[in-house]
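S.K.: I'd like to ask some things about the structure below.
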Amino acid sequence: MTVANEKPKILMVSAAFQGHINPMLKVANRLISNGFHVTFAITENCRDNILKNIPNSNSSSGLVLDFFSDGLSLDFDRSDVKTLIETLQEKGPINLSNLIKNHTKNQNFSCAIVTPFVPWAIDTVAQHEIPCAMLWIQASALYSIYYHYFKNNDIFPSLEDPNETVQLPGLPILEVRDLPTFILPSYPLHFKEVVENSFKDLEKVKWILGASFFEIEKEIVESMDSLTPIYPIGPLVSPFLLGEKDTNDLSLDMWNAEDSCIDWLDNRPNSSVIYISFGSIIVFSEKQMENIIIALKNSNKDFLWVFKPANNGGSEKEDSTLELLNEFKKESEGKGIVVKWCPQEKVLMHPAVACFISHCGWNSTLETVVAGVPVIGWPTWTDQPTNATLIENVFKNGVKVSYGEDGVASAEEIERCIWEVMDGPNASEIKQRAVEIKESARNALKEGGSSSNNFNKFIGDLLAKN
Ligand code: UDP
């Protein structure tokens, strides 16, 4: 029950991954601008990093940040994902429950929004009688693939053979190698179990909102209508990417972005620079790095490269990778720069950027769609192989590198892809397509657009409930 004159309160729950926090925060900002009060609960291992990078954590804007323990000590090496998942599954419900009690002494939350990667939170909020929404933070295609895999497994071939194919409603024929790695037998079971738990509890979730937008995945979204529909409200990107210069929206960065790269871009010609980033989790292997370096040298293009050292740092392999990079930095002075973390949205919007060599994380994919920048997709794991396939075959705003079983693309293949999107005969068609989908992304968010309508419907439901 909402106390008279108090804003309806929403709880949002996310694990401490940049790629999960970003889309959740975009929804938080939109809820706040619609008069809601949002408590954003994140696992506490990123607390210090986040607080360091924002001026005021408890802003008067209507957003309150709070943190709960994932059950592990702060210095625990969370690249041991199995232990992280298992401990979070066990301790998360207790710690989140205590956080909820602290925030609901006078007024309960009207709704909790969770990501699919904290599936246990669905039950926890239900125990507090809070209606639950899930923000599906990946492509709607992934929602459909996982849904069919967990609810109608018979339509899938053996996933042992990467060349086998599967035809799912609304999707092009996919090879097994294009499917999310979490369901592949070669992957540790604990990844699959996290997503499976979300689907087991789907009937307890009242609204499934999507980070994507209808127009870009029309057939897929429509094919879910008779099952458990997904309502895309995206692309969940910042207003800056949509052309607004000054906004009050808060961002929660786990690392400090090096703005100097924007000054560097300012001095490059239009459409001349290759932007390279593999997101917040992947650490480049020595072989990947070597091949990118050779391809960059042979292509003779300018580049901006985000090289994020591993969080746990210091192993022999990481040192040799760094050594390789430092040597290349010296050799290529004037041609390119390397930073640890950049303001990606500003980079993608910069006219000097010609294309993006990306791991195809879904946030990066949406951001590049909205910026109208062509992509060279080099996926590694989780949803990335499917996203890269969507980019090449469905969105057609880029190409996907071919790589061997070890996940490494050859230098020649990377060079071919650079040529394909920058100079080859298809380059202008790819660019034109990138511009077309940029427009449809913006239209989806305008008043009366598909995502705007879905979001207003959600808000209407929340207000009606109060
Ligand atoms: N990002 C950034 N600066 C960088 C690299 C990435 O701000 O130097 C942001 C990027 O804009 C995106 C997020 O980090 O919003 C990465 O999410 P994504 O889903 O693409 O990949 P993940 O990190 O989850 O693999």
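S.K.: Sort through S212, S277 and tell me the only one that's assigned by TED's automatic domain parsing to the domain that holds N363, under 30 Å from I145 (Cβ atoms), within 16 Å of the ligand (Cβ to nearest atom) and at pLDDT 95 or above.
M.R.: From the options S212, S277, the qualifying one is S277.
S.K.: Next up: Check G407, G377 and return the single one that is at pLDDT 95 or above, within 30 Å of L189 (Cβ to Cβ) and not polar (S, T, N, Q).
M.R.: Result of the check over G407, G377: G377.
S.K.: I'd like the full set of residues that are more than 9 Å from the ligand (Cβ to nearest atom) and either of a type in the set (F, W, Y) or under 17 Å from S364 (Cβ atoms) (or both), limited to segment 239-251.
M.R.: The answer is F240, L241, L242.
S.K.: Tell me, which residue of segment 68-93 that is among the hydrophobic types (A, V, I, L, M, F, W, C), surrounded by 17 or more Cβ atoms within 10 Å (Cβ to Cβ) and over 21 Å from the mean Cα position of the chain (by Cα) is farthest from H37 (Cα to Cα)?
M.R.: If we take residues in segment 68-93 being among the hydrophobic types (A, V, I, L, M, F, W, C), surrounded by 17 or more Cβ atoms within 10 Å (Cβ to Cβ) and over 21 Å from the mean Cα position of the chain (by Cα), then L72 is farthest from H37 (Cα to Cα).
S.K.: What is the one condition in (1) free of Cβ contacts under 8 Å to residues at least 24 places away in the same chain; (2) crowded, with 21+ Cβ neighbours inside 10 Å that N326 does not satisfy?
M.R.: Condition (2) is where N326 drops out.
S.K.: Then there's this: Tell me whether segment 67-85 contains one or more residues that are farther than 21 Å from M224 by Cβ, in contact with a Lys or Arg (Cβ under 7 Å, 6 or more places away or on another chain) and assigned to a strand (DSSP E or B).
M.R.: yes
S.K.: Another question, then. Mind listing whichever residues of segment 263-309 are out of contact with any strand residue (DSSP E or B) (no Cβ under 9 Å at 6 or more places or on another chain), assigned to a loop (DSSP other than H, G, I, E, B) and surrounded by 17 or more Cβ atoms within 10 Å (Cβ to Cβ)?
M.R.: Those that are out of contact with any strand residue (DSSP E or B) (no Cβ under 9 Å at 6 or more places or on another chain), assigned to a loop (DSSP other than H, G, I, E, B) and surrounded by 17 or more Cβ atoms within 10 Å (Cβ to Cβ): S280, I281, I282, V283, F284.
S.K.: Return yes or no: is I233 touching a Leu at 6+ places or on another chain (Cβ under 6 Å) and modelled with pLDDT of 85 or more?
M.R.: Answer is yes for this residue.
S.K.: Any residue at all in segment 449-466 that is assigned by TED's automatic domain parsing to the domain that holds N291 and among the β-branched types (V, I, T)?
M.R.: No: zero hits.
S.K.: Quick check on this structure: which one of S79, S60 is modelled with pLDDT under 95 and away from the ligand (no atom under 16 Å from the Cβ)?
M.R.: Result: S60 is the single residue among S79, S60 that is modelled with pLDDT under 95 and away from the ligand (no atom under 16 Å from the Cβ).
S.K.: Now for a separate question. Tally up the residues in segment 116-131 that are closer than 14 Å to L88 by Cα, among the β-branched types (V, I, T) and out of contact with any Asp or Glu (no Cβ under 9 Å at 6 or more places or on another chain), please.
M.R.: Summing the residues that are closer than 14 Å to L88 by Cα, among the β-branched types (V, I, T) and out of contact with any Asp or Glu (no Cβ under 9 Å at 6 or more places or on another chain) in segment 116-131 gives 2.
S.K.: Can you work out which of the residues in segment 377-397 that are of a type in the set (A, V, I, L, M) and buried (at least 24 other Cβ atoms within 10 Å of the Cβ) is farthest from I437 (Cα to Cα)?
M.R.: Among those residues, the one meeting the criterion is A388.
Residue-by-condition table, conditions (1) in a loop (DSSP other than H, G, I, E, B); (2) within 30 Å of V64 (Cβ to Cβ); (3) polar (S, T, N, Q); (4) in contact with a helix residue (DSSP H, G or I) (Cβ under 7 Å, 6 or more places away or on another chain):
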| position | (1), (2), (3), (4) |
| --- | --- |
| Q107 | yes, yes, yes, no |
| Y143 | no, yes, no, no |
| S158 | yes, no, yes, no |
| P169 | yes, no, no, yes |
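S.K.: Scanning segment 1-52 for residues that are small (G, A, S) and more than 14 Å from the ligand (Cβ to nearest atom), which turns out nearest to F76 (Cα to Cα)?
M.R.: Here the answer is A41.
S.K.: If you check every pair at least six apart or on different chains, which have Cβ atoms under 9 Å apart with a residue in segment 355-366 that is assigned by TED's automatic domain parsing to the domain that holds W305 and among the hydrophobic types (A, V, I, L, M, F, W, C) first and a residue that is near the ligand (Cβ under 6 Å from one of its atoms) and not in a helix (DSSP H, G or I) second?
M.R.: Qualifying pairs under 9 Å: F356/S277; I357/S277; C360/G279.
S.K.: Being free of Cβ contacts under 8 Å to residues at least 40 places away in the same chain and aliphatic (A, V, I, L, M) is the filter; apply it to segment 169-201 and report the residue that is farthest from K82 (Cα to Cα).
M.R.: Per the criteria, the residue is I173.
S.K.: Checking the structure you have, find out if any residue of segment 292-308 is within 15 Å of the ligand (Cβ to nearest atom) and charged (D, E, K, R).
M.R.: Among the residues of segment 292-308, at least one is within 15 Å of the ligand (Cβ to nearest atom) and charged (D, E, K, R), which makes the answer yes.
The values are calculated or read from the model by the stated rules, or taken from the named source; none is laboratory data. Treat the numbers as computed from the prediction; the structure is a model and nothing was measured. Backbone-built Cβ (ideal geometry, glycine too); neighbour counts: all protein chains shown.
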